[in-house]
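Every read-out reported here was derived from the displayed coordinates using simple, explicitly stated rules and does not represent laboratory data. Small disclaimer: the values here were computed from a predicted structure and weren't measured. Ideal geometry is used to build each Cβ from the backbone, glycine not excepted, and the neighbour counts take in all protein chains shown.
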Amino acid sequence: MARGRRKREPKRVLRALAEPFTVSAPAGARIRDRLSLSAEDARVLRVVGEHLGGCARADLAERVRIGRVAVKESRRAERKRALTKVSSSRWAGAITRTSEDQYQLSLRCLFDERASLRRSIVKIRQRLAVPCGQRAGGVRGYLNQAERAQKQRRLQVLIARLAVVEARIEAGRPAVVVGGRRLAKVRHHLTDAGLSEAGWRERWEAARLFLTADGESGAPYGNYTISVDPVDGTVTIVLPEPLRHLANAPRGRYRLACTVTFNHRREEWLDRVTAHRAVRYDITHGPERGRWYLDASWSTPQTVLPTPVELAAAGVRMLAVDLNAGHLAACVIDAHGNPVGRPFTVPANLTGPTSQRDGRLRQAVSELIHLAKANGCAGLAIENLGFDDARATGRETMGRGRRGKAFRRTVAGLPTARFRERVRGMAHHAGLVVVAVDPAYTSRWGGQHWKQPLQEQSKTVVVTGHHAAAVAIGRRALGHGARRRPGVTAHDQRIVQRRATGQTVPRPRACGTASPPRTTGTPHQGIKTCRDRSDQLALFPVSQDRSGRQPASPVYSDPANTGRHR
């Protein structure tokens, strides 16, 4: 019996790539200094924070009850007047503003959760429509009936969760936990978290304190509620109306016994407070170390940054960076899309406590900035990573079993948002531009077209697929394709060392009788090729003299560099 031919599956269509864009500069600045409080100062701040925290939670609950309405219908003026009686006018303004921001953020989280649930439901339904162990249209069915039954139950759970989320969106009432939902859930798992009930209670109360004062232009030193004297660094706080009996300074104010200096970006802070421009202050408490902190923040003017097209036209270099688990792969890319020098590997061990992870990430970004400046780069090229869809679909698209679970855990552990924000701020202050590109196919195309040439160029460094992906990222940031033009860089020890700058950007040919540009491997009639002392291709006519002497003819440089002879 003749065996039937297998039906050929349709070719997968590559998705369209998004255009690279310049990451905007930070819209503000934030600095921190430690408050060395006395016991009395800490007691007063805790009393004030608990009083204002209770007012803030009551106002947030009222804002949630109002629901999704226009800004003019949120009754903010009415709520502010009610809060002014138990605090002050400026404290009430900060509380109502914070409540509105918290409500809008919770709504955006609901919309994101709905989109994530919908993606998961669609993916599971697609796989359930395919018989077990088979493929149809590029969709793979589940391995066996047991897994299929589990996914059917999982689908019902996701549908129920989606109904609850849609009902909350329709009613305009998101669920908000002041102090953090994660910390609230730790209360039921104190043993696993290594906390006692008293320790958890201290963290919970510290997270629910409200000591935030919005800045005001024209007010003394930019903030009337929490004021910092730039001369001696003394901090004074306006007490709420019911707590005016705790004042130790005129006009119902409390002066702390400690001072602050703000060593980091102190000049910028002094320029604002001496000009009485708005500065916001936040007082926070870290019960883990028993420390109090004062944060100062302000908005910065927007800076017009060059676009990727302008960077490519300027002929600048870029440091392309590929984010991976445990390290960052980087490579310098010139204006023509060629890798320059050897690739770099910056270690980034992001395991351990949160404070250590952030410090290690800052150290890795600082190393990238140092490499960019040392190699004359104008900016950094990174991938616009989010992994939102990957986290939503999970096992449906990222493998199954032990290996797939390890891969999903690795992807979930990549600090994409934190890395993007750290690079954005630190690179801007270092005078570098950050260009984000579409991450699609960078690893695949980079390994296919650039891993072997990069290894031939870098003899002393072991080139990995991550370095090749960095080359693809840098080329995409400058507007070049991932594929190399064939025949430009030949597999010769001396040819590989020279730069083939004409492979990506077409150069205009010279007019007149000049010869057209020629690259390695292109046949040419009537002449031969040889190398001069500068290791460039030189063209000269064939001599009829067989004595071995070369004719006195001009030696031309490589036409691939300029497109014309010099």
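Things worth noting here:
- Gap separating the Cα centres of the stretch 465-486 and the stretch 434-464, nearest whole Å: 7 Å
- Each of Asp59, Asp282 has some number of other Cβ atoms within 10 Å of its Cβ, and from fewest to most they run Asp282, Asp59.
- FRET E, pair Val177, His264, Förster distance 45 Å, beta-carbon r, rounded to 0.05: 0.90
- Gained length - Asn144 relative to Lys373, 0.36 nm times residue gap less alpha-carbon distance: 76.9 nm
- Segments 135-148, 222-235 sorted - mean Cβ within 10 Å per residue, highest first: 222-235, 135-148
- Placing pseudo-labels 7 Å out from each Cα toward the beta carbon at Ala198 and Gln302 gives an inter-label distance of 5.3 nm.
- FRET E, pair Val130, Ala16, Förster distance 25 Å, beta-carbon r, rounded to 0.05: 0.40
- Ordered by the count of other Cβ atoms within 10 Å of each Cβ, fewest first, Lys85, Lys80 give Lys85, Lys80.
- Spatial separation of Cα centroids for the stretch 28-64 and the stretch 218-240, in angstrom: 16 Å
- Summarising the label geometry, the points placed 7 Å from Cα in the beta-carbon direction at Glu170 and Val69 lie 2.1 nm from one another.
- Sorting Thr345, Thr22 by the number of Cβ atoms found within 10 Å of their own Cβ, with the fewest placed first, yields Thr345, Thr22.
- Approximating the spin labels as points 7 Å out from Cα along Cα→Cβ, the Glu310-to-Asp229 distance works out to 4.6 nm.
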